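**Student:** What follows is a structure written as structure tokens; I'll ask about it next.
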Amino acid sequence: MAVKTITIDLDAYELLARHKGTGQSFSAVIKQHFEPRKTAATLLRALPEVILEEKTLRRIEAQAKHRRRHIARAPRL
């Protein structure tokens, strides 16, 4: 993988460092904040490439039915 050296001021470095998790690279932080967001349209475009087994589809359907019967409710305030 090719790398590029950049220069940033100390304030920018501190901002970047605050967003950096343990074991995370500065490159990962930058990509996390500036890469295009994944959207439903992205998912729909990728769907034709996804192959699910019949067993997996049945489990997904069962989970969806279960959630319809047991809707999570927000507490009354």
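**Student:** Is it the case that segment 27-35 has a residue that's of a type in the set (Asp, Glu) and either loosely packed, with under 10 Cβ neighbours inside 10 Å or in contact with a strand residue (DSSP E or B) (Cβ under 7 Å, 6 or more places away or on another chain) (or both)?
**Tutor:** Looking for residues that are of a type in the set (Asp, Glu) and either loosely packed, with under 10 Cβ neighbours inside 10 Å or in contact with a strand residue (DSSP E or B) (Cβ under 7 Å, 6 or more places away or on another chain) (or both), one finds at least one in segment 27-35, hence yes.
**Student:** Identify, from the list 2, 74, the residue that is modelled with pLDDT under 85, of a type in the set (Gly, Ala, Ser) and loosely packed, with under 10 Cβ neighbours inside 10 Å. Please lay out each step first, then the result.
**Tutor:** On the way: 2 fails: modelled with pLDDT under 85.
Criteria check complete, one pass: 74.
**Student:** Also, I was wondering about something else. Determine whether residue 38 is surrounded by fewer than 10 Cβ atoms within 10 Å (Cβ to Cβ), in a loop (DSSP other than H, G, I, E, B), out of contact with any Leu (no Cβ under 9 Å at 6 or more places or on another chain) and not small (Gly, Ala, Ser).
**Tutor:** It is true that residue 38 is surrounded by fewer than 10 Cβ atoms within 10 Å (Cβ to Cβ), in a loop (DSSP other than H, G, I, E, B), out of contact with any Leu (no Cβ under 9 Å at 6 or more places or on another chain) and not small (Gly, Ala, Ser).
**Student:** Now, a different point. Please work out if residue 68 is exposed (fewer than 10 other Cβ atoms within 10 Å of the Cβ), modelled with pLDDT under 90 and either under 23 Å from the mean Cα position of the chain (by Cα) or not in a loop (DSSP other than H, G, I, E, B) (or both).
**Tutor:** Yes: the conditions hold for residue 68.
The values are calculated or read from the model by the stated rules, or taken from the named source; none is laboratory data. Predicted model only: the values in this text are computed from it and were never measured. No Cβ is skipped: glycine too gets one built from the backbone with ideal geometry, and neighbour counts run over all protein chains shown.
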